[in-house]
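Participant: The following block contains the structure, expressed as structure tokens.
The values are calculated or read from the model by the stated rules, or taken from the named source; none is laboratory data. Computed from a prediction, not measured in an experiment: that's the story for all the values here. Protein only, heavy atoms only, side chains kept; ligands, DNA and RNA dropped before computing areas. Shrake-Rupley method; radii C 1.70, N 1.55, O 1.52, S 1.80 Å.
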Amino acid sequence: MDMHGEDGRDTLGRLLQWARLRGQLDLRCRMHDVFALPHAQAADGIALFHAVLEGGCRLGLPDGRWYPLRPGELVVLPRGLAHNLVALQGALPADDSLDDTRRPLQQQGWLPLRSNLPDAACLRDSLDLVCGRFVHEGEVGALLLQALPDVLILGQPQEAEQQPGPPWRGAPIRVVHVPLAWPGEAGGSTLHPVLGLVQLLRQEAAAEQPGARAMAELLTQALLLHVLRAYAQSEAVRQLPGVLNLLAEPRLQGVVQAMWQQPGGDWSLDSLAERAAMSRATFTRQFAQHAGMSPWAFLTQLRMLHGMELLRDPRHSLAQIAGLTGYQSESAFNVAFRKYSGQTPARYRREHG
């Protein structure tokens, strides 16, 4: 998928800038033999991730599925789904009695460590894992992360092991694998940059060098960008409606980029359909299929997101922002903004300016 518009703007980069997504490493885990690391559902606005540095583990989901994770592989849970991590081999836990997250954290270097290792001799066969999070602010981050599946695994596709138990009654949990090797020239393959970033994270997690924490945070930001790019360039992106799905559709990509670059433009369904070289009815149907909403709802969302960005800058008056977002008057913008966000533009500016 080409994420660049005709004027060279990076649409994905602008999404990330508006979303104010920031990454951080929380802790490192060294586990041996039998262990369990259950994680509760995260708060709104927090995506969780785990990168396997050495060894391996199994990722357990609330619906009873378990996926193996091996060295260099990464799992991202964009909506902070509850999950468990257990040993790669052996019986699956029958209950929640085993919980190694209750172990006290050890402070070794700058990154906290959780470990059940009895001695250094167990290091060779142990799991080495770094755990972190991506935190976003407001609607743009939600727009971006909602375009991702519930569970995104960057690694070798594997069949899930289904744990016996009562049938899952919740909403279906979407799990997508994105391979870490791409087809290369002469029948070879090219390793994904995520593998290199995971190894760099490993070095910084173990380092006591100046600036190690800052370096690790920069690496997590790069990791997030590679995760989004890898998913956006995979076939799986077409399975879930959202902004990334829209950008993957060649006939709609230019329309979305045009709306994104000029959200305050004098758009109509006819002008948007003409840009996509479709009839009005076909355009409306195709857009809704890929976006999960109508073209007008998507444009309104872009206008409100653009308005939120402008409200953070005190140099713009409310009347100017109304014009820049496509509204004929300040009062019309106020009504639309309050309907979308639940608060007035003035209050949003006080809280976020």
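Participant: Quick check: is even one residue across region 178-190 at pLDDT 80 or above and either under 21 Å from residue 70 (Cα atoms) or not in a helix (DSSP H, G or I) (or both)?
Facilitator: Yes, the conditions are met somewhere in region 178-190.
Participant: Which of the residues belonging to region 135-160 are more than 12 Å from the chain's Cα centre (by Cα) and part of a loop (DSSP other than H, G, I, E, B)?
Facilitator: Across region 135-160, the qualifying residues are 137, 155, 156, 157, 158, 159, 160.
Participant: Right, next: Within region 156-164, is there a residue that is closer than 30 Å to residue 20 by Cα, open to solvent by 30 Å² or more (accessible area, probe 1.4 Å) and charged (D, E, K, R)?
Facilitator: There is no residue in region 156-164 that is closer than 30 Å to residue 20 by Cα, open to solvent by 30 Å² or more (accessible area, probe 1.4 Å) and charged (D, E, K, R).
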